[in-house]
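Below you'll find the structure, written out as structure tokens, and then a few comments.
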Amino acid sequence: MEQLRMESTLDREVFAEVLGSKFTLKASGGQSAELELTEVTPLKERSGSKSYSLIFEVPESHRVEQGLFELEHPTLGELQIFLVPVGMKKARQELQAVFNFASD
């Protein structure tokens, strides 16, 4: 039951509705950074699963290492998401989160 609730909370359409909005990344030591959700991309669906990825941009003044982070959003509330640095775009670091869910 908990897995179904989590899946609906983290559904691709939920993130698509907040594309372009800001998330607060809460880092260890009480530091935080404001991330912008810049991409919500469906990935190739495989038999029995659905996947998508999110790309967040980090302000120029911050660098984030790979890890599990607490993100806060005004609409979605608090989420824990594993983020991986995947590149730079105009001096801003890009972080990716990939989600895979088994289809019903």
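Numbers below:
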read-out	value
Selection count where residues are touching a residue at least 24 places away in the same chain (Cβ under 8 Å) and exposed (fewer than 12 other Cβ atoms within 10 Å of the Cβ), scope region 34-44	1
Whichever residue in region 60-80 is in contact (Cβ under 8 Å) with a residue 24 or more places away in the chain and assigned to a strand (DSSP E or B) and, among such residues, is nearest to Asn100 (Cα to Cα)	Leu79
Residues located in region 27-41, provided they are part of a strand (DSSP E or B) and more than 13 Å from the chain's Cα centre (by Cα)	Ser32, Ala33
Selection within region 90-104 - of a type outside the set (Gly, Ala, Ser) and in contact (Cβ under 8 Å) with a residue 40 or more places away in the chain	Glu94, Leu95, Gln96, Val98, Phe99, Asn100, Phe101
Some residue of region 26-33 being of a type outside the set (Lys, Arg), modelled with pLDDT of 95 or more, surrounded by 14 or more Cβ atoms within 10 Å (Cβ to Cβ) and in contact with a strand residue (DSSP E or B) (Cβ under 7 Å, 6 or more places away or on another chain)	no
Residue identified as closer than 20 Å to Leu10 by Cβ, of a type in the set (A, V, I, L, M) and touching a Pro at 6+ places or on another chain (Cβ under 9 Å) among Leu37, Leu95, Leu54	Leu95
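The values are calculated or read from the model by the stated rules, or taken from the named source; none is laboratory data. No experiment lies behind these values; they were computed from the predicted model shown. A quick note on method: Cβ atoms are made from the backbone with ideal geometry, for glycine too, and the neighbour counts reach across all protein chains shown.
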